[in-house]
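Could you have a look at this structure, given as structure tokens, before my questions?
The values are calculated or read from the model by the stated rules, or taken from the named source; none is laboratory data. Small disclaimer: the values here were computed from a predicted structure and weren't measured. Every residue, glycine as well, gets a Cβ built from its backbone with ideal geometry; the counts of neighbours run over all protein chains shown.
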């Protein structure tokens, strides 16, 4: 039975530690963002889904989907429409919400969908809220993943997340670094497909049980650390473990060599966001980042949800 409400909102996310290995039991630190996605739904007479998706720049995606057979009648993006149909089919099998009624659905992202802040996870969370189904089950039946992003979508605090023996352990943590003014998120401009990255990683399985324990310990220490120097060392330790496993150079060496920063990849390695720690002034830091060719920069405190 779907909810009587007609509007929902879910938070975006960033995974600070535990990328890839969170799928195999590593403890991960994840933070909900003050940017997310809204979802508004209203019934219509015809047995169709009329879907309109907005970004901050206007309409991003449109589709009309006939619910008898889930056939795409009209769209401006066939790939997105195909992915959406698979999600709607899974939702219908779980809840039967589309058996008799059609709907007009409007979604609005607070962020550029290229950023990897959780376009898919916020959608799954909102759809599951409306249809009153388990969002983690819907995620498993569609995009897959550890589920940390769903936990962030529905939380206003940083979390320590662990997936172990098919059980999810989610703990709100007090992660509010005193040196947050010196932390930045920088977009590298090459959106990564999380599902494809996970599949590639799963094929190689180039890690040891000790790596999972090492990343879990780094996560615990990062949550508790009070000094930026210690934080920087932990970022380096994390990067070294993952660089060896992935057989990919550290992003600091690859894209920021010679600059006075500590840099950690976030999420799928290769092009999404990085976390950058700087001891320079804001102006000097921005100048160096821009000089390296990157123009999408957020200060840590400008992006993290205010949980107070």
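Considering each of 200, 238 in turn, give the residue that is modelled with pLDDT under 95, surrounded by 12 or more Cβ atoms within 10 Å (Cβ to Cβ) and either in a loop (DSSP other than H, G, I, E, B) or not assigned by TED's automatic domain parsing to the domain that holds residue 158 (or both).
200
Tell me yes or no: at least one residue of the stretch 285-293 is crowded, with 20+ Cβ neighbours inside 10 Å and more than 18 Å from the chain's Cα centre (by Cα).
There is at least one residue in the stretch 285-293 that is crowded, with 20+ Cβ neighbours inside 10 Å and more than 18 Å from the chain's Cα centre (by Cα).
Counting just the residues of the stretch 116-139 that are closer than 16 Å to residue 7 by Cα and in contact with a strand residue (DSSP E or B) (Cβ under 8 Å, 6 or more places away or on another chain), which one comes out surrounded by the most Cβ atoms within 10 Å (Cβ to Cβ)?
Checking each candidate, the answer is 122.
So how many residues does the stretch 248-270 have that are out of contact with any strand residue (DSSP E or B) (no Cβ under 8 Å at 6 or more places or on another chain) and more than 18 Å from residue 238 (Cβ to Cβ)?
Summing the residues that are out of contact with any strand residue (DSSP E or B) (no Cβ under 8 Å at 6 or more places or on another chain) and more than 18 Å from residue 238 (Cβ to Cβ) in the stretch 248-270 gives 3.
Tell me whether the stretch 264-276 contains one or more residues that are closer than 22 Å to residue 149 by Cα, assigned to a helix (DSSP H, G or I) and modelled with pLDDT of 95 or more.
no
Evaluate the stretch 50-57: report whether one residue or more is surrounded by fewer than 20 Cβ atoms within 10 Å (Cβ to Cβ) and touching a helix residue (DSSP H, G or I) at 6+ places or on another chain (Cβ under 9 Å).
yes
Has the stretch 58-66 got at least one residue that is surrounded by 14 or more Cβ atoms within 10 Å (Cβ to Cβ), more than 14 Å from residue 108 (Cβ to Cβ) and out of contact with any helix residue (DSSP H, G or I) (no Cβ under 7 Å at 6 or more places or on another chain)?
Yes.
Next question. (1) more than 19 Å from the chain's Cα centre (by Cα); (2) modelled with pLDDT under 95: which one isn't true of residue 305, the others all being true?
The one condition residue 305 does not meet is (1).
Shifting gears a bit: Out of (1) in contact (Cβ under 8 Å) with a residue 40 or more places away in the chain; (2) touching a strand residue (DSSP E or B) at 6+ places or on another chain (Cβ under 8 Å); (3) surrounded by fewer than 18 Cβ atoms within 10 Å (Cβ to Cβ), what's the single condition that is false for residue 86?
Result: residue 86 passes all but (2).
Look at the stretch 72-83 and say how many of its residues are touching a residue at least 24 places away in the same chain (Cβ under 8 Å) and in contact with a helix residue (DSSP H, G or I) (Cβ under 9 Å, 6 or more places away or on another chain).
Residues in the stretch 72-83 being touching a residue at least 24 places away in the same chain (Cβ under 8 Å) and in contact with a helix residue (DSSP H, G or I) (Cβ under 9 Å, 6 or more places away or on another chain): 0 in total.
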